[in-house]
Amino acid sequence: MPEPSFSQAPAAFDPVHYTRQASRAFNRGRTRLRDTFVDVYTAVLSLGAIGAFATGLVMALCEQVAQA
């Protein structure tokens, strides 16, 4: 059984070139209003859920302290 050849070096990765190319591809001027709305809606919904959990935790802790 022949041994596989590992003589090829991995492709060079230039993070600076990739970042510049990606930033040119993602332009806020070309972002659709729908995408922006979905991003804002998701952020507000997430903050609301975190706030609800935090409020519930604080209320439960206050109730336990009051019982003690």
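The values are calculated or read from the model by the stated rules, or taken from the named source; none is laboratory data. All values reported here derive from a predicted model rather than from experimental measurement. Cβ coordinates were reconstructed from backbone atoms using ideal geometry, including for glycine residues, and neighbour counts include every protein chain displayed. Please note that ligands, DNA and RNA were not included when accessible areas were found on the heavy atoms of the full protein model with its side chains. Shrake-Rupley method; radii C 1.70, N 1.55, O 1.52, S 1.80 Å.
Descriptive notes on the structure:
- Boolean, E3 is at pLDDT below 95, over 30 Å from the mean Cα position of the chain (by Cα) and acidic (D, E): yes
- Test: V65 is in a helix (DSSP H, G or I), β-branched (V, I, T), open to solvent by 100 Å² or more (accessible area, probe 1.4 Å) and modelled with pLDDT of 90 or more: yes
- Residue check, A12 part of a helix (DSSP H, G or I) and free of Cβ contacts under 8 Å to residues at least 12 places away in the same chain: no
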